[in-house]
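S.K.: Quick one: structure below, then a few questions.
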Amino acid sequence: MAHFLTRVVALCASSLRILLLLSFVFIRICQYACSRVLRTNRRKSVSGETVLITGASRGIGRCLALEFAKHGVSTIVLWGRDEEKLSSVKMEVEETGKARCHSYRCDVGDREQVYRTIQKVQEDVGRITILVNNAGVVHGGALLATDDDKIEDTLRVNTLSHFWTTKSVLPSMLANGRGHVVGIASTLGLFALPGVPDYVTSKFSVVGFYESLAAELRAQDRWDVGVTCVCPGHTTTDMFKDLTTRPLSLTPQQVAEQTVEAVKNNQPRVILPRVMHLTWVLNSWLPSSWMRTVLYVTGAMEDMENFCAKR
Ligand SMILES: NC(=O)c1ccc[n+]([C@@H]2O[C@H](COP(=O)([O-])OP(=O)(O)OC[C@H]3O[C@@H](n4cnc5c(N)ncnc54)[C@H](OP(=O)(O)O)[C@@H]3O)[C@@H](O)[C@H]2O)c1
């Protein structure tokens, strides 16, 4: 009898969990539909803005520069460490004939260098009205196999740099009542995979940074400075080039297009591809053993193991 009752209770508990999961998915769909309707009224133009993009020498950063130029910004400031590649992106932007372009060598992992370079940019170019924190690194390796220096480097470049750049440009955005801060995080900032603990930690922190920045601004009733956090899944750039490309992989161009759209729509969070919303919801609701199965079945777990093995 006791055994029978335990089974009934367990069955009721899992049915309740599934019911709650379905209601949550339903609420998210309604939220999405409402935001689509409301968004048409909130759209803004990026024409005439001055955009600073970190990590603009290649990959997503390069595509962001070209995409912002296409949408009519007046000036684009590129940051990176590889001066040759930066000059080549600068030339590509200038060839479009749509925006002025400047490039600066800056290691965003070095706080003093960030502060010095921002000052120089403001003297040369003027106020930054859109900041895109995109620079990032991944080293790869399990916790015990990763050098302390690499862990610190990941957190400095992927997370701390967002504090330094944002602190530098936010005062002028607030003073002028106009601005937008964008962070390129990752779906690995929403759920974890093994083998990249420093990267996952840095991206969870980035997601938290933009949530807290938005909360802080809205608490001060400041709606004139937008905040957007973009969480792309696997994108075909140099960063995860050792990962097997899957049908759900994105191109850097797709990430750039969706990022500019999100800025124009004042969208606080973008998860790409959209189906990844499901993984995020499942991660919050499913028991962790089930979630592991989902990640195995989709091949994500195996992908990351192969990626780390090649490092
Ligand atoms: N690729 C993916 O699958 C994927 C998925 C989700 C999120 N993301 C995120 O998207 C962003 C862009 O990545 P990506 O795929 O375009 O990678 P990528 O092709 O490797 O480009 C990384 C960029 O970051 C710059 N960078 C790295 N360390 C830097 C430092 N210390 N100071 C200044 N710039 C630095 C690099 O410039 P230099 O070499 O010139 O320094 C380069 O321009 C990253 O934040 C990444 O975490 C990527």
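The values are calculated or read from the model by the stated rules, or taken from the named source; none is laboratory data. Predicted model only: the values in this text are computed from it and were never measured. Reconstructed Cβ throughout: ideal geometry from the backbone, glycine too, with neighbour counts over all protein chains shown. Keep in mind that these areas ignore ligands, DNA and RNA; they rest on the heavy atoms of the full protein, side chains included. Shrake-Rupley method; radii C 1.70, N 1.55, O 1.52, S 1.80 Å.
S.K.: How high is the FRET efficiency between Arg111 and Asp149 when r is their beta carbon distance and R₀ equals 22 Å, given to the nearest 0.05? Walk me through the numbers before you get to the answer.
M.R.: Details: r = 17 Å, r/R0 = 0.76.
It comes to 0.85.
S.K.: Another question, then. How far apart, in nm, are the 7 Å Cα→Cβ label points at Ala10 and Trp290?
M.R.: So the two model labels end up 1.4 nm from each other.
S.K.: Sorted by accessible area with a 1.4 angstrom probe, largest first, how do His162, His71 fall? Walk me through the intermediate numbers first.
M.R.: On the way: His162 5, His71 55 Å².
Ranked list, largest accessible area first: His71, His162.
S.K.: How much length is gained on full extension from Lys241 to Glu123, taking 0.36 nm per residue of separation minus their Cα-Cα distance?
M.R.: Working: separation 118, 0.36 × 118 = 42.48 nm, distance 3.78 nm.
Separation in residues times 0.36 nm, less the Cα-Cα distance, equals 38.7 nm.
S.K.: State, to one decimal in nm, how far the label point of Glu83 lies from the label point of His3, with both points 7 Å from Cα in the Cβ direction.
M.R.: 7.8 nm
S.K.: Computing the accessible area with a 1.4 Å probe over protein heavy atoms, can you report the carbon and sulfur percentage for the chain?
M.R.: Heavy-atom surface of the chain belonging to carbon and sulfur, 1.4 Å probe: 58 percent.
S.K.: Between Trp223 and Leu282, what length comes free when the chain is fully extended (0.36 nm per residue of separation minus the Cα-Cα distance, one decimal in nm)?
M.R.: On the way: separation 59, 0.36 × 59 = 21.24 nm, distance 3.14 nm.
Between Trp223 and Leu282, full extension yields an extra 18.1 nm.
S.K.: Taking θ as phi - 60°, what are the ³J(HN,Hα) couplings along the stretch 264-275 by the Karplus curve (6.51, -1.76, 1.60), each to the nearest whole Hz, with x for Gly and Pro?
M.R.: Those phi angles translate into 5, 8, 6, 8, x, 9, 10, 10, 10, x, 4, 4 Hz.
S.K.: So for the pair Leu174, Ile29, with labels modelled 7 Å out along Cα→Cβ, what separation do we get in nm?
M.R.: Here the answer is 4.2 nm between the modelled labels.
S.K.: How much accessible area does Trp290 have with a 1.4 Å probe, in Å² rounded to the nearest 10?
M.R.: Trp290 has an accessible surface of roughly 130 Å² with all protein chains in place.
S.K.: If Asp124, Asp149 are ordered by their accessible area, calculated over protein heavy atoms with a 1.4 Å probe, which sequence runs from highest to lowest? Write out the running numbers ahead of the final one.
M.R.: Values: Asp124 75, Asp149 115 Å².
The most accessible residue leads, giving Asp149, Asp124.
S.K.: If you average the alpha carbon positions of the stretch 113-152 and of the stretch 249-269, how far apart do those two centres end up, in angstrom?
M.R.: With the stretch 113-152 and the stretch 249-269 each reduced to a Cα centre, they are spaced 20 Å.
S.K.: Residue separation times 0.36 nm, minus the C-alpha to C-alpha distance between Glu305 and Phe163: what's the value? Write out the running numbers ahead of the final one.
M.R.: Values: separation 142, 0.36 × 142 = 51.12 nm, distance 3.13 nm.
Here the segment from Glu305 to Phe163 would lengthen by 48.0 nm.
S.K.: Follow-up question, since we're still on this one. Do the sum for the chain: with -39,500 (n - 2.57) for every DSSP H run of n ≥ 4, divided by all residues, what is the mean residue ellipticity at 222 nm, to the nearest 500 deg cm²/dmol? Please list the in-between numbers first.
M.R.: Working: 11 runs with 171 residues, N = 311.
Calculated mean residue ellipticity at 222 nm is -18000 deg cm²/dmol.
S.K.: Another question, then. Given a 1.4 Å probe, how much area per residue of the stretch 44-298 is accessible, in Å²? Before the final figure, lay out each step's value.
M.R.: Working: 11300 Å² over 255 residues.
Value for the stretch 44-298: 44 Å² per residue.
S.K.: Next question. For the pairs Lys70/Lys264; Lys203/Lys264; Lys44/Lys70, note any where the Cα-Cα span goes beyond 21 Å.
M.R.: Listed pairs above 21 Å: Lys203/Lys264.
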